[in-house]
Every structure is written in C-alpha cells, then in structure tokens.
Amino acid sequence: MPVLRVALDVPLYRLFDYWSESASTVDIGRRVRVPFIRGEKIGVIVAVLAESEWPREQLKDALEILGDLPPLPPDFLDLCAFAATYYQAPPGEALLQALPAGLKKLNPPKRQAGRKAKAAKPLPSPPLTDEQIAAVAAVEPGGGFAVTLLHGVTGSGKTEVYLQLIAKALAQGRQVLLLVPEINLTPQLEERVRGRFAEVEVVALHSELADAARERHWRAAFSGSAGIVLGTRLAVFAPLPRLGLIIVDEEHDPSFKQQDGMRYSARDLAVVRARQHDVPILLGSATPSLESWANAGHGRYRLQTLAKRANPAAVLPQVRLYDTRRMPLREGVSDGLLSAIRERLERGEQSLVFLNRRGYAPVLACPACGWVSRCKRCAANLVLHLADRRLRCHHCGFEHRVPPACPTCGNQDIHPYGRGTQRLEAWLAETFPGARVLRVDRDSVKSRKQWEAVLERIHGGEADILVGTQMLAKGHDFPKLTLVGVLGADSALFAADWRAPERLFAQLMQVAGRAGRAELKGEVIVQTQYPDHPLFAALVAHDYPGFAAGQLREREQAGFPPYSFQAVLRAEAPEMADAIAFLKAASGLPPVAEFPDVLVYDPVPMRMARLASLERGQLLVESHSRPLLQAFLPRWREAIEQLRAPGKLRWHLEVDPFDF
Ligand code: ADP
Ligand code: ZN
Ligand code: ZN
C-alpha cells in the first residue's frame, strides 16, 4: 500500500498524503521525512492506504521512513487524534506537540546517555490509617477503567495512598503516570516517590527540562524501562506501553490547563486516556474541581474521603476571621495578627503571612495630577518593584525604571498605592527588628535550585516570618509553622470571573493547611471586610462539601459549567473594532442557525481587553449538551476559516475555557 497519510506540524486542519512504494501498515506510527513546500519536514505516519483521493501525479514521494524508534503505538495516535478533534486543533500540531523536540528535527543532535540513578534502600511506609486503607482498596490497578476522586483534607496522607497504589501497579509489571501541577514547586513529592521506589526507574517530564533530558525521559517512558513517569500536563501524552494506573495530584489546579497552542486540560485528557486504555485513574485533591465533585455526586466518579489528618497529633488548624471594618490597620495588618506573630516569635515558631500579590505596590501614582503607572501595551497597571527600582507589567513583561518625578506634571512627590509582598516584607522586618523575615514569591525564587534552598532554610528554622504568595501554598510540610495570616483575600470574592470563589477557596484551604502539620497546633487568621460571606464560613468549618454544594447550586441556577458546556472564540487585533467585527461575523455564520441548542452570545472585549499591544475580544458559545456542542464546533470552525479578516488579526477557539 503505497500511500502514506502523514501528520505535519502545520496550522492546517488536515493530514497530508505522500507516496512510498515500499510502505506497509507496520509503518503506521513511524516518523517520516517528507518534502514540504520548498523544504523538508519530519511528520508522523498515521495511516497507510492503497490509494489517495489525490491523483498519483500530485503526490510527492516521501524521502525516508525513519526506523530509529519503534512505531508510536495506536493508543498514542488515538489520544492525539481525540485531543485534536475535541479541542478543535490542527491534527498535526496536536500530534507533534506531544513529541520531544529532538524527534522532530531533520538533523537531530547526538544523543547522550543518561546517568543511571543510584539504587538506594527504599524508605519504609507507615502503617496506614483506616481511611487510607479503604482508599487504596478502592482502586484496582489492572482492574479496568474507573475514575476515583480522592478527597482528602490537607495532611490526610493522600501521597501515601498514591505510593501504595503505585506499588500495587508496579508489582503487576505495569507503568504508572503521576501528573502534578508544577514539578518545581513540589520537590518533596518527587523525593518521596524516588525514596520509596529506589529500585525503579522514575523519570520526570516537564517543560523546563533541557531538550536532551526530556527526550531521554520520553524514550524511557516509551521503551517501558521507566516504571514511573512523574510529570506536568504535557506528560499526559507520554507513550506508555505498560500503563496500568494514572494519578492526578491536585486535580483542581488551573495549571493542568494549557493556555496557548492547543488549549487542552491534561486532567480531562488523563481521564480519556484511562478510558481508552481501560485502566483506573485516581484524581486527588483537598478541594476538588467542581466539575469532578459534580461527577462524584452523579456517581460517574467514585468518591473516597480522607477526612482526618494522618498524623493523629496534627489536628486541622483553627481558622478565625478578623473583621477589618472594625479594626485599625497598619500597612494592612491588624493588631491582632501582629500580636499573634509576636507570640510565635517568642515561642520560636514560624508564621506565614499570605498575600497573593508580588512586587512592592500594585501601582505608582501622582496625587497632584492623577497620573498612574500604566502599561503602554496592556490594560493593566505597572507594578512597582522597589528591590530593583523598576516598574513592571505582570502581563506582558514590559518594564522601565522608576521615574524620579511625575512624567506628566513634574511633581516629585509620587506615591506607591496598595501593597505587595515586598512592601509587607520591609514593614514586618522594621516592626520585628530581631526577626528573620523571608519573602517567597516568583521574584525572590526563580529557579528550582533557589526554591530548594528556600525550603531548606524554612525547614532548618532559619526564618521566623514568611511572606509569600500562592507559591508557598502548595503541599509543603513546615513542622514549625503554626500561624498563617491571610491578607487581601476579599478582592476575589466579588470578581467578575465566576470561577474566582472556587479558586480562592482552594488557595485558602491550601495555605491554611500549611499550619500545624506536626505536633504543634496551628492557627489561621483571615482578615476580611466580609466575615459573613459563606465562603469564609465554609473555610472556618473546613467544610469543602458545604462550599461545593453552595457553588454548584449557584452554577446550576446560572446555567454555568458543569451544568452547561462552553467554548470561546477569541480574536486579537491592533484595533478592538476589527476584533469585534470579526467575532460578529462569526456569530452569524450558517452553522449557528442550524444548531438552535447551541447558544451564541454577543462578542465582547475580554476582561484584559488589551495585552501586549493587541486588543482582544471574545465570543462565548454554550450548550446544555456536550455532544451537540462538539457537533457544532467543527462546522463552525470550518466556516470561520473562510471568513476574511484583516491581516493582523489572529483568532483561536478554546473548548472548556477557564479564563475569560
Ligand atoms: P496530603 O498529601 O494529603 O496533604 P501527605 O501525604 O503529605 O498529606 O501526609 C501528611 C503527613 O502525614 C506527612 O508527613 C506524612 O508522612 C504523614 N503520614 C501520611 N500517612 C501516614 C500514616 N498512615 N501514619 C502516620 N503518618 C502519616
Ligand atoms: Zn503628576
Ligand atoms: Zn503590559
């Protein structure tokens, strides 16, 4: 069969046929070198056919079928094809984004052998709690497809459940895929996995690996030599011939959503993959996504709960709300929180002040003329960074030095307004002169090495007061940390983004969970002007189910996901009018009228209406039925492709969008 159907990394919604006299179906899944336009490309053979719809004269000859790797397995090709169809992505892009860079190069660099990890003695496991035993028993690696949602409060020992299940799968000779939100922030998890399975090859897969290492790890997954693949969202595509179990840790985490190129949800694709493979999947979280929680409620997912902390001495922290309408604040901090910090200092314990805003102040302004430091390229303010005296846009990266005077009126008395972590750090250091204050955010900690050094300092008791963003909220165990103070949480309560409360609750539960992990009892103080808000009531009661029930009721009434299914069409252009006109035209295309059950809204500017000098608009489409939406989208997309748009306009579709 001489016709090769090839996926190529080009932004076109089609595959390409080539001629190769000697080809046969064993070549499906092999890489192939083909002529393309005036150059050459490496593609992947997805089918071998007896004939093409194109006449033979129009088919170019393939140059070389590459035999350096075994063919990519059918389930890998199926997953990529599913992703392309579901997310409306060009099939070649979907497939080739899943391969390491070296395998797509015409002249790949020489491969270096990897270092073999030294085999250490495996660390023992603790005796499990009853809840852990039940959770481990509920998942059967090798027992066929089933989704289990593991809802476990912080410190309940979810990781131990993962480790036990991994052991079960390995004992059956199967591979395990363990997906985590951000590998650099969780060196402890990686250490625990490597420590427990010292005799097993564990490979990491994430975007910060150098190309060579990523390819080496990918090959170890593909060859089956790696027993455990620990990775971020892109690892969901790793080919695993002996896959027996998938685990998604912190399954609610927004970083499982890819935000450019093919905008996929790795959590959702992991479930699809488990189904295609007929293996079980475990989704773990202290605050599951409402989508997963609703699925558990409908019985589509099995629910396993770890309601208690694994270490009986470590009880959940007490959460208190400080009503800041009735309290004097200094630099945003109440006297009550200050004295709580002072107590910790006297007892030699640690405190953490959580403020999810980095920089010194969110804006610099002139009280005389009203000038504010705005980004020229975005609908956003420039954030003042006093540490290096720069104004910085957190959206596009634009920056320049702090002006000595107001650029419009020359007034030298310009002020920072509001506060970020740098300002809080400086003020706390001034207020507690004997204390060692450590700021932890993306400005102070840029690399994994720095992050590990910071963790070491915290563990070694070399810091008394931590000031940090959500970076500090992820699953770390700080045994001496007994106080968490939360500042600036209110802004998310009334945000236009209806997912904001879900995100805030998850963040607060996570950061609160840092307190009192060991024998020392923990306390959490949340400063708010809205102490009666149901979100805070649920937080005080450690009541995720109550919070989730309330949110799901609101979503059902409003017809939001998971009670509807959405996609957005976005357009960006130098002029908003062009973006909106394009979206308007798209909203009137023929498929829209043919699908009365798919609701197409009016185009609107995005919340960040301008980013990096481009104006951005969007059009929401929604249906009560996922199959209907899925039937509509390809037809609509094909019609949109035929639309005439100004040369500088770019558009894309996002299915199951997260940010608006
Ligand atoms: P989670 O991931 O749910 O936040 P971890 O798995 O990190 O919780 O466990 C929290 C702490 O409890 C860790 O220090 C862990 O070593 C300990 N732990 C876990 N399971 C047990 C157990 N069965 N007995 C005693 N300690 C445990
Ligand atoms: Zn001025
Ligand atoms: Zn900007």
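Derivation of every value follows stated rules applied to the coordinates shown; laboratory data play no part. All of these numbers come straight from a predicted model, not from anything done at the bench. Because the Cβ atoms are built from the backbone with ideal geometry, glycine has one as well, and the counts that use them run over all protein chains shown.
Numbers at a glance
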item: Set of aspartates and glutamates with alpha-carbon distance to Lys648 below 19 Å, sequence-local pairs under 8 removed; result: Asp260, Glu572, Glu575, Asp578, Glu615
item: Cα gyration tensor shape of the stretch 15-69, rounded if a/c is under 1.5, else prolate or oblate by comparing a/b with b/c; result: oblate
item: Protection-proxy order for peptides 325-333, 415-423, each taking the mean of Cβ atoms within 10 Å per residue, highest first; result: 415-423, 325-333
item: Computed [θ] at 222 nm, helices only, for the chain once each DSSP H run of length n ≥ 4 contributes -39500 (n - 2.57); result: -9000 deg cm²/dmol
item: Mean-position separation - Cα centroids, the stretch 276-339 and the stretch 525-543, in angstrom; result: 12
item: Least to most buried among Glu201, Glu343 (fewest other Cβ within 10 Å first); result: Glu343, Glu201
item: Residue-by-residue Karplus 3J(HN,Hα) for the stretch 175-185, coefficients 6.51, -1.76, 1.60, Hz, glycine and proline x; result: 8, 10, 10, 10, 9, 10, x, 9, 5, 5, 8
item: Cα pair distances in the chain, grouped into 10 Å bins until the bin that holds the longest one, percent each; result: 3, 13, 22, 26, 21, 11, 4, 1, 0
item: Nearest 10 degrees, 0 to 90: helix 421-431 Cα axis against the chain principal axis; result: 20
item: Percentage relative contact order, the stretch 71-205, counting C-alpha pairs under 8 Å, at least six apart; result: 26
item: Part-to-part distance (alpha-carbon centres) for the stretch 600-648 and the stretch 425-445, which is given in Å; result: 45
item: Between the stretch 149-215 and the stretch 563-577, the Cα center-to-center distance that results, in Å; result: 37
item: Neighbour-count ranking [beta-carbon atoms within 10 angstrom, fewest first] of Glu250, Glu638; result: Glu638, Glu250
item: Overall form of the stretch 3-104 per C-alpha gyration tensor (a/c, 1.5; a/b vs b/c); result: rounded
item: Order of Trp636, Trp427, Trp498 - criterion: other Cβ atoms within 10 Å of each residue's Cβ, fewest first; result: Trp498, Trp427, Trp636
item: Candidate aspartates and glutamates - alpha carbon under 13 Å from Lys104, same-chain residues fewer than 8 apart omitted; result: Asp9, Glu40, Asp68, Glu93, Asp211, Glu215
item: Nearest 10 degrees, 0 to 90: helix 448-459 Cα axis against the chain principal axis; result: 30
item: Net charge of neighbours whose Cβ lies under 13 Å from the Cβ of Val454, counting Lys and Arg as +1 and Asp and Glu as -1; result: +3
item: Highest-first arrangement of 274-280, 565-571, 308-314, where packing means the average Cβ count within 10 Å; result: 565-571, 274-280, 308-314
item: Given charges at Cβ of Lys, Arg, Asp, Glu: the stretch 565-655 dipole, positive-most of Leu569, Gln630, Ala586; result: Leu569
item: Acute angle (nearest 10 degrees) that the helix 544-558 long axis makes with the longest principal axis of the chain, alpha-carbon atoms; result: 60
item: Residue pairs, from the table Lys158/Lys480; Lys308/Lys446; Lys257/Lys446, whose Cα atoms sit over 27 Å apart; result: Lys308/Lys446
